């Protein structure tokens, strides 16, 4: 019988974290189960730092709040954790400490709220005998095996509002307005916001672009008397035969993606200005996409995910990820989620083994964008 569970939120913050936590807590309380939250994700699990969660106090009034009431950690790979010994920085596998903490605390299940890296570690902990249930979180919408992640809809809504505002400036001053959005190596945010915002060009990681073809689209609009254009660029987009734009390379050890993307928006704006003769301006939306109040859609989705995860725990279904499949709540094995990324400690990254969900040309969003004339620079 499930009597005591723990929740951890890991990776970059998204709107909807708290709604998931609330969904788990309220469903747990309805079934006589105690809930706790590890502070700062896997780092809290390592340090055994947790608090009691209940709907009358700590988890009260949080449905509409952005961020996470229990914090979140980034790059906290406990299977390859950065420590300092004798003045030297080294990396050690500290996962056994986490396993002992879970056993000592008497947690019957740990819910992992996070993206592909978080769920890779969840799968690794399941191999070590911990009852784990994952919930897919990321604004990038790139977690494998589910149709949508919580936090994504809010990010798209923020990006769409930015496009609406750029439209008016572009039309007034006859400019090319470029918006760089997040998404890492997947173009979901760029694609859906481009459709919703009426953008003319959308450059995504899945389709290497030819900047001259993108410029041709703008020239065609000029001939129609439209002396402005709106371009949405995913941060991981790259030109044909070229590479992604990297802002910084961090040192967080092996097994994590140390590449910080950024700069493609400015690059595209400069090139389009040179090719078309129109002034071009870039706006990098950045962390505005991550924070703030979740949309109604994300509040409902997050609540559904939280309730479903607790139901799975009560049914004794562990080592799984709660997902949306064919529009309905379901679950899949964490083994399926990680795909070929089987090596213990290898968390995430843009590698051949990484199993992330990318835009495909047979997807409805791509087909819709193509049908209404959005250029992908191909």
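Brief remarks on what is shown
- Scanning region 276-291 for residues that are surrounded by fewer than 17 Cβ atoms within 10 Å (Cβ to Cβ) and in contact with a helix residue (DSSP H, G or I) (Cβ under 8 Å, 6 or more places away or on another chain) yields 279, 288.
- The C-beta contact set for region 254-272 (first residue outside the structural domain of residue 91 (by TED's automatic domain parsing), second residue in a helix (DSSP H, G or I) and at pLDDT 75 or above, distance under 6 angstrom, 6+ apart or interchain) comprises 271/211; 272/215.
- Condition met for residue 121 (assigned by TED's automatic domain parsing to the domain that holds residue 300 and either closer than 22 Å to residue 23 by Cα or more than 11 Å from the chain's Cα centre (by Cα) (or both)): yes
- Hits in region 222-237 - residues which are surrounded by fewer than 20 Cβ atoms within 10 Å (Cβ to Cβ) and either within 18 Å of residue 180 (Cβ to Cβ) or touching a residue at least 12 places away in the same chain (Cβ under 8 Å) (or both): 222, 227
Results for (1) buried (at least 24 other Cβ atoms within 10 Å of the Cβ); (2) within 22 Å of residue 15 (Cα to Cα); (3) at pLDDT below 95, shown as yes or no for each residue.
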position	(1), (2), (3)
159	yes, yes, no
176	yes, no, no
179	yes, yes, no
189	yes, yes, no
208	no, no, no
214	yes, no, no
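- Flag if residue 165 is within 25 Å of the chain's Cα centre (by Cα) and either surrounded by fewer than 17 Cβ atoms within 10 Å (Cβ to Cβ) or more than 23 Å from residue 360 (Cβ to Cβ) (or both): yes
- Selection of region 240-253 for residues being surrounded by 17 or more Cβ atoms within 10 Å (Cβ to Cβ) and touching a residue at least 60 places away in the same chain (Cβ under 8 Å) yields 252, 253.
- Elements of the type helices (runs of 4 or more DSSP H) sitting completely within region 281-378 and holding at least 1 residues that are under 26 Å from residue 22 (Cβ atoms), assigned by TED's automatic domain parsing to the domain that holds residue 132 and at pLDDT 95 or above: these cover 296-314, 334-338.
- Selection within region 268-280: residues that are in contact with a strand residue (DSSP E or B) (Cβ under 6 Å, 6 or more places away or on another chain) and outside any strand (DSSP E or B). The member of this set that is farthest from residue 69 (Cα to Cα) is 278.
- Strands (runs of 3 or more DSSP E) fully within region 1-116 counting 1 or more residues that are under 18 Å from residue 132 (Cα atoms) and over 26 Å from the mean Cα position of the chain (by Cα): 4-9, 34-38
- Checking 368, 303, 295, 360 one by one, the residue that is in contact (Cβ under 8 Å) with a residue 60 or more places away in the chain, surrounded by fewer than 16 Cβ atoms within 10 Å (Cβ to Cβ) and over 28 Å from residue 257 (Cα atoms) is 368 and no other.
- Just one of (1) surrounded by 14 or more Cβ atoms within 10 Å (Cβ to Cβ); (2) in contact with a strand residue (DSSP E or B) (Cβ under 7 Å, 6 or more places away or on another chain) fails for residue 257. It is (2).
- The numbered conditions (1) at pLDDT 95 or above; (2) buried (at least 22 other Cβ atoms within 10 Å of the Cβ); (3) within 21 Å of residue 103 (Cβ to Cβ) are all true for residue 43 except (2).
The values are calculated or read from the model by the stated rules, or taken from the named source; none is laboratory data. This is a predicted model, so every value here is computed, not measured. Here the Cβ is made from the backbone with ideal geometry for all residues, glycine too, and neighbour counts use every protein chain on show.
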